[in-house]
Every structure is written in structure tokens, then in C-alpha cells.
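The values are calculated or read from the model by the stated rules, or taken from the named source; none is laboratory data. What you see is a predicted model; the values in this text were computed from it and never measured. Note that we place each Cβ from the backbone using ideal geometry, even for glycine, and neighbour counts take in every protein chain shown.
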Amino acid sequence: MDNRLITFSSAFLLLFIFISGGVNKIINFQGTVDFLETKINAIQLNTIFIAAIAVAILYFYVNLVTATQVMNAPLFVLISIALLSIPALAHFKKTSKRLIYDSAIVGVIGLLTLGSLLILYSLYTNKYEEYAYIATIGLATFTAMTILIFHFPTDPSEMISFTKNLSIFGGLMLLSQRFIRA
């Protein structure tokens, strides 16, 4: 069997959760926005949570520094801003406007669906690899944010979801290495 086909089908299995999640968010847009707002408002800004964000940013920094691409500094800044937006939204939860949550979900839908399809297209054609790299890191960032917002490990009932998402995160970071050219 062709190695490219094996890589493509394996990546499809990894990315299917994002594609179906994006479609589900389109179908249930308002419910998704309401759920995000509820979860953000419930975040406890304690030392463990802030440390987890710092570790996530540090992990991305170390990973991106080892890659040999020009876009790494801007990409790291975008990832850091995205991760730091979680405590910012939690801190300013009373003044956050509904438009912020609507815009966030629209961005998530685009990342989950279009980003996943771009990755699959790039794997199949070997085109647009630099964009596929960004999409893969974007999905990994989304997964890290999902862990921080929805499946934080201090809640014992979230341990299975936490470990599942951590595994998906690892798979995405591994897949991102496929798009790095020396």
C-alpha cells in the first residue's frame, strides 16, 4: 500500500474529530456560544490554572524554536495571545460582550473544518505544507485551550477527557513535524 495513502488515512482518523466538531458547531451555533460563555465564566483563576497556561506556552515555544521556519516567531505570538485570552476573558467575564464569544466560535468553526481539510489536502498533494503546518499547530493550540477550559485535570470527572485530549494534542504535534522542511 502507498505510504502517502496510509499517512493520509491515519491523519483523517486523527482529524475526523475536528471536522465533525466543526460541523456540529455550525448546526448548534447558539448552544455552542452559550456553553463557551458558561465555561469561561466558571473558570477559577488560581495558581494551577495560570501555571498550566504558562507550561502550554513554554511547550509551544520550545517546539517552535526547534523548527526551522521563518513563521515561527509570529506563530508563537499568536499562540500566546490565544492562550492568554482565556484568563483575560475569565477575569473580565462581566464586561465581555456576546460578540466576542460569537466571533470566537466562528473562528473555531473555520479552524476545525477548513484547517483540517487543508491538512488533508496538503498530505495528499504535498502542496501548501507551510499552511498545513500552521493549521496543525492551530488545531494543537485549540486542543490545549479545550483542555484548559473544558477538561482541566483538577476536576476528577474530567480525567478521561483530559488524557484523551492530551493524546490528540500529541498526535497533532507529531503530525506538524511532517510539514517541516529543513
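Evaluating Pro87 against the criteria (1) part of a loop (DSSP other than H, G, I, E, B); (2) under 16 Å from Glu37 (Cα atoms); (3) of a type outside the set (Ser, Thr, Tyr) leaves one unmet condition, (1).
Ile119: surrounded by 21 or more Cβ atoms within 10 Å (Cβ to Cβ), under 20 Å from Leu64 (Cα atoms) and over 11 Å from the mean Cα position of the chain (by Cα), yes or no? Spell out the reasoning first.
On the way: surrounded by 21 or more Cβ atoms within 10 Å (Cβ to Cβ): yes; under 20 Å from Leu64 (Cα atoms): yes; over 11 Å from the mean Cα position of the chain (by Cα): yes.
Yes: the conditions hold for Ile119.
Among the residues of the range 75-89, are any buried (at least 19 other Cβ atoms within 10 Å of the Cβ), of a type in the set (S, T, N, Q) and either under 26 Å from Asp155 (Cα atoms) or modelled with pLDDT of 85 or more (or both)? Looking through the range 75-89, none of the residues is buried (at least 19 other Cβ atoms within 10 Å of the Cβ), of a type in the set (S, T, N, Q) and either under 26 Å from Asp155 (Cα atoms) or modelled with pLDDT of 85 or more (or both).
Here is a yes/no grid of residues against (1) of a type in the set (S, T, N, Q); (2) in contact with an Asp or Glu (Cβ under 8 Å, 6 or more places away or on another chain); (3) touching a residue at least 24 places away in the same chain (Cβ under 8 Å):
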{"residue": "Ala82", "(1), (2), (3)": "no, no, yes"}
{"residue": "His91", "(1), (2), (3)": "no, no, yes"}
{"residue": "Arg98", "(1), (2), (3)": "no, yes, yes"}
{"residue": "Asp102", "(1), (2), (3)": "no, no, yes"}
{"residue": "Ile109", "(1), (2), (3)": "no, no, yes"}
{"residue": "Ser116", "(1), (2), (3)": "yes, no, yes"}
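If the condition is being more than 16 Å from Gly21 (Cβ to Cβ), in contact (Cβ under 8 Å) with a residue 60 or more places away in the chain and surrounded by 15 or more Cβ atoms within 10 Å (Cβ to Cβ), then the range 131-166 contributes Tyr133, Ile134, Ile137, Leu148, Phe152. Check whether at least one residue in the range 22-39 is at pLDDT 85 or above, within 18 Å of the chain's Cα centre (by Cα), crowded, with 17+ Cβ neighbours inside 10 Å and β-branched (Val, Ile, Thr), and report yes or no. Yes; the residues of the range 22-39 include at least one that is at pLDDT 85 or above, within 18 Å of the chain's Cα centre (by Cα), crowded, with 17+ Cβ neighbours inside 10 Å and β-branched (Val, Ile, Thr).
The residues on offer are Ile105, Ile180, and the sole one that is within 13 Å of the chain's Cα centre (by Cα) and either at pLDDT below 90 or crowded, with 16+ Cβ neighbours inside 10 Å (or both) is Ile105.
Checking Leu139, Leu148 one by one, the residue that is in a helix (DSSP H, G or I), modelled with pLDDT of 95 or more and either on the phi < 0 side of the Ramachandran plot or in contact with a strand residue (DSSP E or B) (Cβ under 8 Å, 6 or more places away or on another chain) (or both) is Leu139 and no other.
Scanning the range 1-21 for residues that are among the hydrophobic types (A, V, I, L, M, F, W, C) and either modelled with pLDDT under 85 or not in a helix (DSSP H, G or I) (or both) gives a single hit, Met1. Of the residues making up the range 40-52, just one is among the small types (Gly, Ala, Ser) and either in contact with a Cys (Cβ under 9 Å, 6 or more places away or on another chain) or surrounded by 12 or more Cβ atoms within 10 Å (Cβ to Cβ) (or both), namely Ala52. Among the residues of the range 27-36, are any among the aliphatic types (A, V, I, L, M) and either without any contact (Cβ under 8 Å) to a residue 60 or more places away in the chain or not in a helix (DSSP H, G or I) (or both)? Looking through the range 27-36, at least one residue is among the aliphatic types (A, V, I, L, M) and either without any contact (Cβ under 8 Å) to a residue 60 or more places away in the chain or not in a helix (DSSP H, G or I) (or both). Quick check on the range 96-111. Is at least one of its residues part of a loop (DSSP other than H, G, I, E, B), β-branched (Val, Ile, Thr) and under 29 Å from Thr154 (Cβ atoms)? No - not one qualifying residue is present in the range 96-111.
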